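Right, one structure below, let's go through it.
The values are calculated or read from the model by the stated rules, or taken from the named source; none is laboratory data. The structure displayed is predicted, hence computed values, not measured ones. Cβ atoms come from the backbone with ideal geometry, glycine included; neighbour counts cover every protein chain shown. SASA here: full protein model, heavy atoms, side chains in, ligands and nucleic acids out. Shrake-Rupley method; radii C 1.70, N 1.55, O 1.52, S 1.80 Å.
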Amino acid sequence: MKKIVLSILVLVVTASSASVRAEGFGDGLSVRARAGYSVGASSPYGMPAEILGIDAFRLTPSFRAGVDATKLVGNQLGVSVGLFVENKAMDVAVRTKCYRMEMRQGAEGLDGVFTGHVSQQISMLVLTLPVCATFSVSPAVNLRAGVYGSLLLSGKFSGTASDGYIRRGDPTGPKIIIGDTPETQATYDFSDDLRKLQAGAAVGVDWMPLPRLGFSLDLAVGFTGIFKSDFKTVEQALYPIYGTMGVFYKIL
C-alpha cells in the first residue's frame, strides 16, 4: 500500500513540475472549498454468516468539509490534492449468531461467541489527504479517481449486546444469558483499538451549473480496516465505506 501511494505522489509531483515549467503556475489551477453529508458504514466486504440481519440503520452526523486544488496537465487531464476534515459515523442494530465478542455484564468481563442483538455506534473524526487524477468531460463536468490517506483525530467504537446469550471461549462453552434490561444487558468499547492511519480509494464527480457554485458525489472505500492489525476480538475486518453528497464553491 505504501509503495502504491508513494508512486502516485511521485507521478503527481513529476506531472505538476512539468506543467509548471511549461506554463505559469496559475494557468490551469483551480481551488474549491467543499462541504457535504456522508452516508455509509464500517463493514466487512460482504455480509458474514454470523450477521443474520440488520434491524435498524440510523442516520448519523457524518460530514466532510475542506478544500482541494486541481492543476491541469493537459487539455482535459489534471491532478488534484485536497485536505478535509471528516466524521465517519455509524449507528446500526443487527442480529447475530456465534459472533466473536468481548463484553462486560455489570462488573464481569465476558469473552466468547454471542448470539442475540447487537447495537453498535461508531464515530471517527479524521483528517484526510486525497490525491486524485482528474478528467474534464466538459467545462461543467469533472471526474476524479485516486487514493487517500487519513489520520484519526478521535474515535469511538462501542455498543450493547442484549436479548441473547454468550458462550465462553467457543460455541460449546458455558452459556451465560444476556438480557434486554439495563441491568442484564452487556456493553463493549473498542475505542482504544481503532487504527490511527487509514488508507483507501476515492472516486467522484463534480457538476458546476453556475460560474462558481457546483454539486458533487463522492465514494470512498477503505483499503485498511478500522482496527489495529493486532486486534483480534472482532474476527472480520471492518472497512469504512462512505458516499458523500456535497456542494462546492470555486475560489480560484
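Measure off, as a whole percent, the carbon and sulfur share of the 1.4 Å-probe accessible area of the chain, all protein chains present. Taking all protein chains in place, the chain shows 65 percent carbon and sulfur surface.
Just report the Cα centroid separation between segment 167-239 and segment 56-106, whole Å. A separation of 9 Å, based on Cα centres.
Computed from the C-beta positions of Val203 and Lys156 and an R0 of 35 Å, the FRET efficiency is 0.80 to the nearest 0.05. Karplus-derived 3J(HN,Hα) values for segment 79-90, using 6.51 cos²θ - 1.76 cosθ + 1.60 with θ = phi - 60°, are 10, 10, 10, x, 9, 9, 9, 10, 10, 9, 10, 8 Hz; glycine and proline are entered as x. Karplus-based coupling profile of segment 138-153, in residue order and whole Hz: 7, x, 9, 10, 9, 9, 9, 7, x, 10, 9, x, 10, 10, 6, 8, with θ = phi - 60° in 6.51 cos²θ - 1.76 cosθ + 1.60 and x standing for Gly or Pro. Coupling constants for segment 102-115 follow from the phi torsions by the Karplus curve (6.51 cos²θ - 1.76 cosθ + 1.60, θ = phi - 60°), and in residue order they are 10, 8, 10, 10, x, 9, 9, x, 10, 9, x, 10, 10, 10 Hz; glycine and proline get x. Between Ser154, Ile166, Gly74, the Cα set farthest toward the positive side of the dipole of segment 74-232 (charges on each charged residue's Cβ, about the Cα centre) is that of Gly74. GNM on the chain, alpha-carbon springs under 10 angstrom: the most fluctuating residue among Lys175, Lys228, Lys71 is Lys175. Simple spin-label estimate for Lys175 and Val221 gives 4.1 nm between the two label positions (7 Å along the Cα-to-Cβ direction from each Cα). Between the listed residues Asn142, Met124, Gly179, the Cα displaced farthest toward the positive end of the dipole of segment 82-183, a dipole computed from Cβ unit charges relative to the Cα centre, is found at Asn142.
Anisotropy class assigned to the chain is prolate, per the alpha carbon gyration tensor with a/c at or over the 1.5 cut-off and a/b larger than b/c. Solvent-accessible area per residue in the chain equals 51 Å², computed with a 1.4 angstrom probe and all protein chains kept. Axis of helix 2-22 versus longest Cα principal axis of the chain: the two differ by about 20°, to the nearest ten degrees. Taking 8 Å as the Cα distance limit and 6 or more residues as the minimum spacing, I'd like the relative contact order of the chain as a percentage. 20 percent.
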